[in-house]
1. If you scale each eigenvalue of the Cα gyration tensor by 5 and take the root, what three semi-axes come out for region 273-425, rounded to whole angstrom and sorted largest first?
2. Report, by chain and number, residues whose modeled amide H sits under 5 Å from the one on VAL99, excluding near sequence neighbours (fewer than 5 apart, same chain).
3. With an 8 Å Cα cut-off and a minimum separation of 6 or more residues, compute the relative contact order for the chain in percent.
4. Keeping every protein chain present and rolling a 1.4 Å probe, give me the accessible area per residue for the chain in Å².
5. Add -39500 (n - 2.57) for each DSSP H run of 4 or more in the chain, then divide by its residues: what number comes out at 222 nm, to the nearest 500 deg cm²/dmol?
6. Restricting to lysine pairs 8 or more places apart or on different chains, what number in the chain have Cα atoms under 25 Å apart?
7. What accessible area, in Å² to the nearest ten, does a 1.4 Å probe give for LYS384?
8. Can you send over the carbon and sulfur percentage of the accessible area for the chain, probe radius 1.4 Å, protein chains only?
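The values are calculated or read from the model by the stated rules, or taken from the named source; none is laboratory data. Not measured: the values here are computed from a predicted model. Cβ coordinates were reconstructed from backbone atoms using ideal geometry, including for glycine residues, and neighbour counts include every protein chain displayed. These area figures cover heavy atoms from the full protein model, side chains too; ligands, DNA and RNA do not enter into them. Shrake-Rupley method; radii C 1.70, N 1.55, O 1.52, S 1.80 Å.
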Amino acid sequence: MARLFGTDGVRGRANAELTAELALDLAVAAAHVLGEAGVFEGRRPFAVVGRDTRASGEFLEAAVVAGLASAGVDVIRLGVVPTPGVAYLTGALNADLGVMLSASHNPMPDNGIKFFSRGGVKLDDAVEDAIEQRLGESWTRPTGADVGRVRDDLGAVEGYIAHLVSSLGEHASLAPLRVVIDTANGAASLTALAAFDAQGAQVVPLHAAPDGLNINDNCGSTHLESLQAAVIEHGADLGIALDGDADRCLAVDAAGEVVDGDQILAILALAMKEDRALHSDTVVATVMSNLGFIIAMRSHGVRVDQAKVGDRYVLESMNANGFTLGGEQSGHVIMSEFATTGDGVLTALHLAARMARTGKSLAELASVMTRLPQVMINVPNVNKVRAGLDPVLQQAVTAAGRELGESGRVLLRPSGTEPLVRVMVEAASHEQAQQIAERLVGVVRDRLGL
């Protein structure tokens, strides 16, 4: 049986795979597992619960809140708030548990549940497995005064916005900059605009009118075309693209060119190294990071520590080694001085601040690295569990790696959230990368096809 938790919580089509019943059961199981692990320290626990703008988040929020309260956990409902906002407020409010309802960049019909333990840290695999094992078990329910109480605190989000702004320090005005911000009709439709406005930026909002149905709909970090057009139309200095729960950030320069997560990470790494804030002159990336990023960092005296894909694994490496910056090509960037998870608005603020501070354009800052041509093809309807086990497929990958030599690389990775295998090839030319990728896709389909 497949593991219920993926790389970033539990996801599925809302009211189909991810039902109100499952959401309630997950909340109850999480309360029991964390309580028995001593997280609640013998006192009455409380949790914070937030959601993005999906219509399904309304009933799933009700189910999670009901599950927690029925297990004796007090609940503060935060309303619509970015995922990193829930993480921050879990720590800032000294909550015992944080819960976020979001499927991030996935289409509107999907939704998901993410849990944060005390301090706003994502649960590790062992705790998630323990929660999954406890689903549906019989238990003694509290009654009377022992049931959890529920209240709303929508004003808590203002504290998160203040935290974002304060991370820039006292002299980080963004007043010279005109910024187009695409909030994907998602959780940051208010917070991102408020944070940039507070720092004096000229803000042009884009896709910032959520109606419960339009989240990630041809907008945000997975659909950059309208942002590219808007940056040029408004003569903006940069464009910012968030996803539905605002834990990732991509950018567009003044000419409408995309600046991806690797480039953003490179810009911030060199800024932090300059400020002596990059611990051990090391940045944490993932195996999906472009080889050009690694080459660029090496040339500037910055070591790259590569983790598995997923910001939780980036964070694990950062915490284990005291590193202060990490991220993914997809735009998840973690600045551990200010956040326990990827925060798209925080990333965007510091990227803009670097532009304002240096007087350089985003294109000039991003030129610190040259992206090697990269081709990634998703192969659906295959047995992704066998991707690392099939000997013929592994031989094909090894042969492709030998063919590329030091000028490229091959990565075969099962998706953590979808039923597919990703084939990624980097090479000296796009043609070579495409040719090798298509060849490997054929092997994947032949060997792993259902």
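1. 30, 18, 15
2. VAL48, VAL49, GLY50, PHE116
3. 13 percent
4. So the chain comes to 40 Å² accessible per residue, rounded to a whole number.
5. -11500 deg cm²/dmol
6. For the chain, qualifying lysine pairs total 8.
7. We get 60 Å² for LYS384.
8. Carbon plus sulfur share of accessible area: 51 percent.
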